[in-house]
Ligand SMILES: [Zn+2]
């Protein structure tokens, strides 16, 4: 049995002082008030549930599309652990079928080998809208075929999330995906609010990077953004790097959806956890200037955001409480993924995944299954 003493602990619901955490086989056994940290590892700072990021294209200098293999997943996971993410969905941007299969095989191997932090895969595309493609390569955007359907239904690749444009995928096919346990997210889409609501009816559960690359809210057409904000049960990923979404729009989204339905995502490219400036992807050059990644012409190309920064931005600039910011990074995405009995909270029976934050909300240490992986 491992013992840890936390002076300050946010368990996902409340903040408590002087708590003794015991861990057995990677799972929290008990959390109890204690006076002294005898025989326990002291955790100095605010201990919070590990962050869960449902959209990670890369990290540590590696882009998953360019290197769809286990080594890349290991590097990406390590890079994001330094910023508090204890579980990630490696995300494959629209690509050809072969790369999709390699990516799925890599995730299957990573899960079989127990690579820490890899819990599934997010296929962002290829069934998207051409007008809202962002940097997704035009030549690979296509309608869904039996091959992709079979890939999405694989049972050896952990949790599967698929981002699709509902104007290009029928409600019958959305239902089929949902039946197969796939989390369907709507995004890179020009759908009307009506088409969006039909997809939600069919079982779609989320929206990918709310506001970005989706039909906007307008006076006579509410668009995908309007439908997403109105709907109270679906989950929205939000990129709080202040490059993708205006602060007021972020605040509006959190007000409409509540922190129980907004998920902080990084949409990180290879740059996170690396000093990389230039990245080649699908014949495009992506350049970093400060915290902004763009292709020629200025179009945004993913982010250089890490989860701890997203939390700091939420607290400092969106005026969220630290509890709400942590929730949006941990319990909300965990619940979206169906892991609400496993991750996102610190309580007996939950995974011993936590982050120790400094007073300024930088990461001091990261633990996965009771083992220190950073700090
Ligand atoms: Zn995207």
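The table for this structure:
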read-out: Members of the stretch 103-148 that are part of a helix (DSSP H, G or I) and surrounded by fewer than 15 Cβ atoms within 10 Å (Cβ to Cβ); value: 112, 130, 131, 138, 139, 146, 147
read-out: In the stretch 315-352, the residues that are in contact with a helix residue (DSSP H, G or I) (Cβ under 8 Å, 6 or more places away or on another chain), at positive phi and surrounded by fewer than 20 Cβ atoms within 10 Å (Cβ to Cβ); value: 319
read-out: Index of the failed condition, residue 83 passing every other in (1) within 16 Å of the ligand (Cβ to nearest atom); (2) in a loop (DSSP other than H, G, I, E, B); (3) under 15 Å from residue 307 (Cβ atoms); value: (1)
read-out: Residues that are within 16 Å of the ligand (Cβ to nearest atom) and either in contact with a strand residue (DSSP E or B) (Cβ under 7 Å, 6 or more places away or on another chain) or closer than 19 Å to residue 247 by Cα (or both), drawn from the stretch 175-203; value: 183, 184, 185, 186, 187, 188, 189
read-out: Criterion (in the same structural domain as residue 268 (by TED's automatic domain parsing) and away from the ligand (no atom under 16 Å from the Cβ)) met by exactly one of 26, 60; value: 60
read-out: Flag for residue 127 being in contact (Cβ under 8 Å) with a residue 40 or more places away in the chain, within 30 Å of residue 370 (Cα to Cα) and within 14 Å of the ligand (Cβ to nearest atom); value: no
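The values are calculated or read from the model by the stated rules, or taken from the named source; none is laboratory data. Everything numeric here is computed off the predicted structure, so don't read it as measured data. When we count neighbours, we look across all protein chains shown, and the Cβ atoms used for this are built from the backbone with ideal geometry, even at glycine.
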